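The values are calculated or read from the model by the stated rules, or taken from the named source; none is laboratory data. Predicted model, so just to flag it, every value in this text is computed and none were measured. Note that each Cβ is placed from the backbone with ideal geometry, even for glycine, and that neighbours are counted across all protein chains shown. Surface areas here come from the heavy atoms of the whole protein model, side chains and all, with no ligands, DNA or RNA. Shrake-Rupley method; radii C 1.70, N 1.55, O 1.52, S 1.80 Å.
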Amino acid sequence: LAHGNLGVSFKKLNYSVNELIGNGAPVSAKVGFWAILLALIVGIPLGTTAAVRRGHLADGISMVIATVGVSVPSFVLCVLSMYLFCDKLKLLPTYGLDSWNCYILPVGCMAFGQIAYITRLMRSSMLEVVSSDYTKTARAKGLSDFRIPVKHQIRNAIMPVMTILGPTVAAVLTG
């Protein structure tokens, strides 16, 4: 182990563990990269919308998605997604990574839990920022309801999301 030799695989005879990891790591990194990107692209706006529209329908829908994403284990979500999208609707393939549509299901399943976590974190962070003094000052200056979150609030509220990116990357890449 200290020399980097992990030995022979017990599952696949005549293969070293280093070969198996070397073959699987690029695919895991690619799927993980897209899952994290999707989680950020969906989670940040969802959390922001939930905080800005607190108590409205958008907040309720965002929190239902976040609660389901945190509550449902990923292996259950994956099996249900495969049953629905691959077996019943026949929209996606069940195996392989030959084309872009082969990545939709694995990336979506890996990203769903992270989307929920980022949405909840972004919402709670935005709720703190919404009642801050600089937000009140921006409103007093007459800035629009669209410009205040975009220019002032998101910059400060996104810091906790950026802080958890390290553990998120580790969680997604290790599976």
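Here are a few things to note about the model shown:
- Odd one out for G69 among (1) under 14 Å from the mean Cα position of the chain (by Cα); (2) over 17 Å from P106 (Cα atoms): (2)
- Every condition in (1) closer than 22 Å to A157 by Cβ; (2) out of contact with any helix residue (DSSP H, G or I) (no Cβ under 6 Å at 6 or more places or on another chain) is met by D59 except one, and the failing one is (2).
- Selection count where residues are exposed (fewer than 12 other Cβ atoms within 10 Å of the Cβ) and under 29 Å from K12 (Cα atoms), scope the stretch 34-58: 0
- Scanning the stretch 18-33 finds one or more residues that are open to solvent by 60 Å² or more (accessible area, probe 1.4 Å), within 25 Å of P160 (Cβ to Cβ) and out of contact with any Pro (no Cβ under 9 Å at 6 or more places or on another chain).
- Counting the residues of the stretch 75-104 that are free of Cβ contacts under 8 Å to residues at least 24 places away in the same chain and either among the hydrophobic types (A, V, I, L, M, F, W, C) or open to solvent by less than 80 Å² (accessible area, probe 1.4 Å) (or both) gives 19.
Okay, residues lined up against (1) out of contact with any Ser or Thr (no Cβ under 9 Å at 6 or more places or on another chain); (2) β-branched (V, I, T); (3) assigned to a loop (DSSP other than H, G, I, E, B):
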site: I36; (1), (2), (3): no, yes, no
site: G43; (1), (2), (3): no, no, no
site: G69; (1), (2), (3): no, no, no
site: V79; (1), (2), (3): yes, yes, no
site: Y83; (1), (2), (3): yes, no, no
site: I115; (1), (2), (3): yes, yes, no
site: M122; (1), (2), (3): no, no, no
site: E128; (1), (2), (3): yes, no, no
